[in-house]
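The values are calculated or read from the model by the stated rules, or taken from the named source; none is laboratory data. Just so we're clear, the structure is a prediction, and the values are computed from it rather than from any experiment. All Cβ positions, even for glycine, are placed from backbone atoms using ideal geometry, and neighbour counts span all protein chains on display. We work out accessible area using only protein heavy atoms, side chains counted, and drop any ligands, DNA or RNA first. Shrake-Rupley method; radii C 1.70, N 1.55, O 1.52, S 1.80 Å.
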Amino acid sequence: MTSPTAATAGAPEPAELQHSFPWPRPAIDPPAAYGWLRENAPIRRVELADGLPGWLVTRYEDVRELLADPRVSSDATDPGYSLLGAPRLAGKDQSFLRTDPPYHTIFRRMLGKHFAVKRVHAMRPRIQELVDATIDELLAREERPVDLVERFALPIPSTVLSWLLGVPAEDQAFFNKASEDLLARGNPDVPDAEERSAAARTEMVQYIAKLSDERLALDDPGEDMLGDMAKAVKDGKISREAMINSGVTLLIAGHETTANMTALGTAILLQHPDQLAEMQAERGLRAGAIEELLRFLTIVHLVVVRVAKDDIEVAGQVIPKGEAIIPLNFSANRDDAHYPNPDAFDIHRAPRDHLAFGFGVHQCMGQPLARLELDIIFETLFRRIPGLRLATEAESLPYKTYAPINGLTGLPVTW
């Protein structure tokens with residue numbers, strides 16, 4: 001299945017390397033093969049799940065270098081580009097995440113203003129009110145334990161995304177439910193999880209299409225993200241299909257990531273009570289603790305995919321033009337050549353240079369909003385429920401070891 005590209009030494013080659021990529025990830029840590037690759041074959045050609053050849057890049061410096069290289073493309077229409085099993089779309093109907101400048105730049109300029117730091121921080125009072133109201137509902141429940149994923153982690157980011165997209169208030173219940181069903185994908189505890197997730201995606205695409213057509217029929221489509229995309233369609237800059245697919249992408253990217261970070265971050269902090277107590281006692285530690293959670297967890301670990309537009313040499317290895325590149329940001333964020341003792345969770349590390357949001361022209365533009373939401377969520381949750389604790393052993397938590405965005409399918413807590 002694999003074709004060695006660097007001299008190997010030391011420990012025997014891990015068994016995962018005899019199978020197509022991606023491999024299942026353990027609960028919290030990356031696959032053991034990542035560490036072996038960093039030491040022995042940091043640029044490694046493998047067979048991908050869709051049968052294409054691809055190059056795994058595992059060291060921090062190499063991942064960062066490639067993500068900033070203009071010869072490395074995000075164009076999903078390239079025949080060498082791997083979607084790791086996801087369906088392909090035609091031409092410019094792709095979500096903007098899987099396109100290159102200058103087309104990609106149209107979306108970043110159009111949508112990036114909604115995530116500008118000043119604009120995002122103006123949302124703090126409204127998000128704070130939402131978080132407090134959600135905790136009020138938690139505290140009013142008599143039964144214990146409570147699933148923090150269902151009752152807290154899921155509804156908050158989907159509601160915030162509905163504000164930014166421009167979802168009518170009367171549709172938010174549907175929007176939140178469809179978002180929840182989308183995340184059922186691969187959950188072994190949910191009957192017919194794949195069918196449920198696929199049906200929810202179809203419903204969401206149809207719903208975003210309906211909203212898009214309503215905006216396109218207006219002389220003034222509005223100032224939210226759907227409104228801005230509608231104006232771009234009217235001006236001939238993007239297609240209607242790209243508007244719809246990008247609307248769904250914004251939902252998934254902004255909702256699934258923050259929901260999973262909320263649940264996983266809470267679980268990690270509850271397993272490190274001394275550091276949690278420090279974070280609560282010293283307000284200045286919270287921002288650094290969030291950066292460490294982002295680095296340590298790197299939940300978006302199998303989404304960053306590229307293709308070589310030219311022969312590219314990195315770390316002494318030539319990646320041929322037209323072949324897929326998988327820059328493993330999770331491996332990079334656990335590289336001991338860059339982060340001392342990287343497998344330890346340490347809120348004093350405050351690693352602002354981590355790659356959890358990617359790097360280069362495709363770096364996540366929603367990161368100011370993600371940081372703000374996590375800051376409000378963790379401060380409020382542990383302040384208002386100081387006795388919060390896991391209601392099961394940490395080893396028994398249902399991790400999404402099968403998903404390209406890691407998380408928990410449930411988080412039973414009590415207080």
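Looking only at residues of region 143-165 that are among the acidic types (Asp, Glu) and within 12 Å of residue 414 (Cβ to Cβ), we find that the one that is least open to solvent (accessible area, probe 1.4 Å) is 147. Checked against the criterion of being open to solvent by less than 40 Å² (accessible area, probe 1.4 Å), among the hydroxyl-bearing types (Ser, Thr, Tyr) and in a helix (DSSP H, G or I), region 365-388 has at least one qualifying residue.
Under 22 Å from residue 226 (Cα atoms) and not in a helix (DSSP H, G or I): does that describe residue 171? Give the steps one after another, and end with the answer.
Details: under 22 Å from residue 226 (Cα atoms): yes; not in a helix (DSSP H, G or I): no.
No: the conditions fail for residue 171.
Residue count for region 206-220 satisfying the condition of being in a helix (DSSP H, G or I) and surrounded by fewer than 16 Cβ atoms within 10 Å (Cβ to Cβ): 4. Scanning region 259-285 for residues that are farther than 21 Å from residue 334 by Cα and not small (Gly, Ala, Ser) yields 270, 273, 274, 276, 278, 279, 280, 282, 283, 285. Is there a residue being at pLDDT below 95, in contact with a strand residue (DSSP E or B) (Cβ under 9 Å, 6 or more places away or on another chain), of a type outside the set (Phe, Trp, Tyr) and buried (at least 18 other Cβ atoms within 10 Å of the Cβ) anywhere in region 311-330? No, because not a single residue in region 311-330 is at pLDDT below 95, in contact with a strand residue (DSSP E or B) (Cβ under 9 Å, 6 or more places away or on another chain), of a type outside the set (Phe, Trp, Tyr) and buried (at least 18 other Cβ atoms within 10 Å of the Cβ). Go through 336, 353 for me and flag whichever is assigned to a loop (DSSP other than H, G, I, E, B), modelled with pLDDT of 95 or more, farther than 22 Å from residue 274 by Cβ and touching a Pro at 6+ places or on another chain (Cβ under 8 Å). Criteria check complete, one pass: 336.
Would you mind stating whether residue 36 is of a type in the set (Phe, Trp, Tyr), assigned to a loop (DSSP other than H, G, I, E, B) and open to solvent by 10 Å² or more (accessible area, probe 1.4 Å)? Break it down into steps so the answer makes sense when it comes.
Details: of a type in the set (Phe, Trp, Tyr): yes; assigned to a loop (DSSP other than H, G, I, E, B): no; open to solvent by 10 Å² or more (accessible area, probe 1.4 Å): yes.
Here the answer is no, as residue 36 does not meet what is asked.
Looking at region 143-183, which of its residues are modelled with pLDDT under 90 and of a type in the set (D, E, K, R)? Scanning region 143-183 gives 170, 171, 177, 180, 181. Considering only residues that are part of a helix (DSSP H, G or I) and of a type in the set (D, E, K, R), which ones fall in region 389-415? Result: 395, single match.
Taken over region 113-163, residues that are touching a strand residue (DSSP E or B) at 6+ places or on another chain (Cβ under 7 Å), assigned to a helix (DSSP H, G or I) and farther than 28 Å from residue 246 by Cα amount to 2.
The residues of region 38-62 that are of a type in the set (A, V, I, L, M) and without any contact (Cβ under 8 Å) to a residue 40 or more places away in the chain, listed by number, are 41, 49. The numbered conditions (1) open to solvent by 10 Å² or more (accessible area, probe 1.4 Å); (2) under 26 Å from residue 283 (Cβ atoms) are all true for residue 402 except (2). Counted as qualifying within region 221-323 are the helices (runs of 4 or more DSSP H) with 3 or more residues that are within 19 Å of residue 63 (Cβ to Cβ), namely 286-297.
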